[in-house]
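Below is one structure, written out as C-alpha cells, with a few remarks after it.
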Amino acid sequence: MQPPDKDSDFYEIYLLEMATASQQSNKDQISSENHIQAKAEALPGQSAWGPLDTLPGNPMMWVLIISELMVFGLLLAGYCVKFIGDPELFLNSQAQLSRLIGGLNTLVLITSGLFAALANEASKENNVSLTRGYLAITAAFGLLFLVLKFYEYSDKAALGISIETNSFYTLFYLMTGFHAAHVIFGLLILGLVSCYNSRENIQTACAFWHMVDLIWLILYPVLYLVR
Amino acid sequence: MPHVPQKPNPIFRLLLTWALMSGLTIISMFSGDALETGGVTASIGFASVGILMTITLFKCRLLLLDFLELRHASPGWRRGFFLAVLIITAMITATYALAIGF
C-alpha cells in the first residue's frame, strides 16, 4: 500500500495507524519473551549448561579445564611414544634436570592451592577482605613458582640446553612452558577476581588455579622423577 | 537421642588435604632421589615407578575432591575426572614397563 501524500488530510491518520501497529508488534514480542521465561521457570530441572551446572563456578571454566586436561594428556602420550623410541636419551637428559627445584615448585603450588581453597571458603561467608588476602597469598606463591621456573630455565640455558637440544627437551619445554603460561594467566585471573569478587567469580578463578596445580602434580613425577 | 554425625570443619579438611599432599610430595622427592645432585640416571625400578604413580594418583584425587570441590559434585563428574588421571598415570607406568622392563 502506498502512503498518502504528506500534504493530504489522510497523512496524519496514516501516521497514527502506523504507530498503533508498531506498539502492537512490540507488545506481541514482549508477550512471547515472557512466555519463554515462564517456560524456563516451569522446568527447573533443565538448565542451559546441563550437567556442567552441578560443578562449582562458571561452566565455561570447566569446559576449559576439561580441554586443558586433554591437551596435557595428549602431550604426555607424545612423551611416552618418544620415550619408548629412545629411553637412553630421555634418561640422560632427565638426569640434567634439578629434581629439587621441581619438588620445591610442587610444594609451592600445593600451598598456593591451599590458599586458593581458603579464599573460596572465605567468599562463601562474604568476607571480602579475607578473600582478597588469601588470593594475594595464592598469587605470591604463584609468582614464587615462576621465579623458580625462570631460575631453572636460565640454569639450563647457561649449560647450552634449549628447546632444540633433543626430543626430551623439546617436550620438556613445551609442557613446562605451556604450564608456566597458564600460571601467568591464572595470576591475571586472580587479580581480576580480587576486583570483581562475586561468589561465582572467586569459584571460577580458584577452579582454574587448581587445574594448573593438578597438571603440575602429574608433570613433576613424569618429567623429573620416574626413570 | 539419636547420634547425629558432626560435619567436619571445611578449613580443617583443607589443611589436612594440604598436609597429606605435601607429605606425599616429600616422600616422592626422596624416592626419586631429588636431593642427589650428581645426575642419577639409574632406574628406580618398576615397583618404585608404580608407587610414584600411585602417590600421584592419590594426590590428584585429594585435589579434585577437596580443592576443586568435586566432593559435592555429581558422582559422574568425580568418576570422570578420576578416570582421566588414572588413564594418564597408567599410560606412564605402562610406558616404563615396556621401555625398561619389570
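Below, the figures for the structure above:
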quantity	calculated
Quarter of the Cα convex hull surface for region B:22-102, i.e. its orientation-mean projected area (nm²)	6.0 nm²
At 1.306 mPa s and 10 °C, Stokes diffusion of region A:55-117 via Kirkwood alpha-carbon radius, µm² per second	108 µm²/s
Positive-pole candidate from B:LEU63, A:HIS182, B:GLY80, dipole of the protein assembly as shown, charges at beta carbon	B:LEU63
Normalised convex hull volume, region A:53-202, alpha-carbon set, Å³ per residue	113 Å³
Where labels lie 7 Å past Cα in the beta-carbon direction, separation of A:ALA77 and A:ILE184 in nm	2.8 nm
Ranking of B:MET21, A:MET211 by count of other Cβ atoms within 10 Å, fewest first	A:MET211, B:MET21
Averaged over B:80-92, number of beta-carbon atoms from partner chains that fall within 10 Å	4
For the protein assembly as shown, alpha-carbon Rg over 2.2 N^0.38 Å	1.37
Additional length obtainable on full extension of the chain from A:TRP49 to A:ALA158, 0.36 nm per residue less Cα span	34.3 nm
Tally of Lys pairs whose C-alpha atoms are under 30 Å apart, taken over the protein assembly as shown, 8 or more apart or cross-chain	10
In nm, spacing of pseudo-spin labels at A:ASN127 and B:ALA94 (7 Å Cα→C-beta vector)	4.7 nm
Sites B:THR54 and A:VAL147 - FRET efficiency at Förster radius 35 Å, r taken between beta-carbons, to 0.05	0.65
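Only the coordinates and a few stated rules stand behind these numbers; no lab work does. What you are looking at is a predicted structure, and each value in this text was computed from that prediction instead of being measured. FYI the Cβ positions are ideal-geometry reconstructions off the backbone, even for glycines, and counts take in every protein chain you see.
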